[in-house]
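Trainee: One structure is given below, represented as structure tokens, and several questions about it will come after.
Taken together, the values in this text are just the output of simple stated rules run on the coordinates, not laboratory data. In this text, all values refer to a predicted model and were calculated from it rather than measured experimentally. All Cβ positions, glycine included, derive from the backbone under ideal geometry; neighbour counts span all protein chains shown.
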Amino acid sequence: MGVEKVPKYDIPVKKVEYVFIELEKMKPHEQLVQKELEAFIKSVTGSGIFWKPMLLAKVPGEDMYLIVDGHHRWAGLMKLGAKKAPSVILDYFSDDVKVYTWYPAFKGDLDRVLKRLKKEGLTVEECENAEELAENEEIAFALVGKDKAFKIPGGLKEQKIVSKVLDEMSVEGEIELIYYGLKEDAKEDMDKGEIDYVFIRKAPSKEEVMEPVKKGEVFSPKTTRHVLPFIPDKIDVKLEDLF
Ligand code: AMP
């Protein structure tokens, strides 16, 4: 898993009301990262305390909730055999909830990355206006460097392959993987020589986040970056009370 570069926002911590929601009624919208799942399980079983409430949104027309934040907490609790989790239900479609995306970027050898992407069946072609195509959702990703840009045609499926390749190459130590919350920050770091390339895609809309969930599909890890007007304060719930 790569490092995160989170934009600096001044978001206040707020004491929140939470309710207990059955894990079976929660639907993920992103794939999991094994390392994060293990880290959560180790933490929660070690302390016996569950301190970070899940953030959920009601799925319109269903008795189900979209997991906005908490994919690894959800999967971890399920794995431990728990039944429910303290959750904050958001008014998802209100203007208070914003959805952005993460931009994966790497420092490393471009040719090696291209070779791996191609080996996984992806097409990567040099293309001057790749970024524009990505922002118009006409391709899966634009791969943008200082002097060169490439397009990777496709959609959700191809984005998942890119995520998988980057995750693997980062674990193998072939690249340094960094996820940027803002592409401007990535470009600034590229100018400074801190990264070599950034993958750009359009953030999904809230409707687009809900859509695959209804069909039981998921996005690749770190496709969505949700921002709320507050950060929920820590809670103090015993793990044993979740069974
Ligand atoms: P996710 O559920 O996808 O947000 O990822 C796992 C999250 O679990 C991380 O954000 C951690 O901050 C959080 N976490 C770690 N230990 C605990 C714990 N004991 N109780 C609740 N959340 C935790």
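Trainee: Scan the stretch 1-25 residue by residue and report those that are without any contact (Cβ under 8 Å) to a residue 60 or more places away in the chain and surrounded by 12 or more Cβ atoms within 10 Å (Cβ to Cβ).
Mentor: LYS25 - this is the single residue of the stretch 1-25 that is without any contact (Cβ under 8 Å) to a residue 60 or more places away in the chain and surrounded by 12 or more Cβ atoms within 10 Å (Cβ to Cβ).
Trainee: With more than 11 Å from the ligand (Cβ to nearest atom), β-branched (Val, Ile, Thr) and farther than 22 Å from VAL218 by Cα as the only criterion, which of VAL88, VAL97, VAL16 stands out?
Mentor: Exactly one residue qualifies, and that residue is VAL16.
Trainee: In the stretch 62-85, which residues are under 21 Å from the mean Cα position of the chain (by Cα), surrounded by 17 or more Cβ atoms within 10 Å (Cβ to Cβ) and within 12 Å of the ligand (Cβ to nearest atom)?
Mentor: ILE67, VAL68, ASP69, GLY70, HIS71, HIS72, ARG73, TRP74, ALA75, GLY76, LEU77, ALA85
Trainee: Of the numbered conditions (1) closer than 30 Å to ALA105 by Cβ; (2) hydroxyl-bearing (Ser, Thr, Tyr); (3) touching a residue at least 40 places away in the same chain (Cβ under 8 Å), SER43 fails exactly one; give the number of that condition.
Mentor: That leaves (3) as the condition not met.
Trainee: Shifting gears a bit: Would you call GLY155 out of contact with any Phe, Trp or Tyr (no Cβ under 7 Å at 6 or more places or on another chain) and under 20 Å from GLY121 (Cα atoms)?
Mentor: Taking the combined requirement at face value, the residue satisfies it.
Trainee: Next question, about the same structure. Confirm whether MET210 is more than 19 Å from ILE67 (Cα to Cα) and crowded, with 16+ Cβ neighbours inside 10 Å.
Mentor: So MET210 fails the test.
Trainee: Turning to a different aspect of this structure: Take the residues in the stretch 38-61 that are surrounded by fewer than 17 Cβ atoms within 10 Å (Cβ to Cβ) and assigned to a loop (DSSP other than H, G, I, E, B), then tell me which one is nearest to the ligand (Cβ to nearest atom).
Mentor: Out of the qualifying residues, it is TRP51.
Trainee: Same structure again: Give GLY108, GLY145, GLY155, GLY121 a once-over and let me know the one that is among the small types (Gly, Ala, Ser), surrounded by fewer than 17 Cβ atoms within 10 Å (Cβ to Cβ) and on the phi > 0 side of the Ramachandran plot.
Mentor: After applying the criteria, what remains is GLY121.
Trainee: Would you tally the residues in the stretch 24-37 being of a type in the set (A, V, I, L, M) and more than 9 Å from the ligand (Cβ to nearest atom)?
Mentor: Qualifying residue count, the stretch 24-37: 1.
Trainee: Continuing with the same structure: For the stretch 127-142, state whether one or more residues are in a strand (DSSP E or B) and buried (at least 20 other Cβ atoms within 10 Å of the Cβ).
Mentor: Checked the stretch 127-142: at least one residue is in a strand (DSSP E or B) and buried (at least 20 other Cβ atoms within 10 Å of the Cβ).
Trainee: Being of a type in the set (D, E, K, R) and within 22 Å of ARG225 (Cβ to Cβ) is the requirement here; does LYS183 meet it?
Mentor: Spelling it out, LYS183 is indeed of a type in the set (D, E, K, R) and within 22 Å of ARG225 (Cβ to Cβ).
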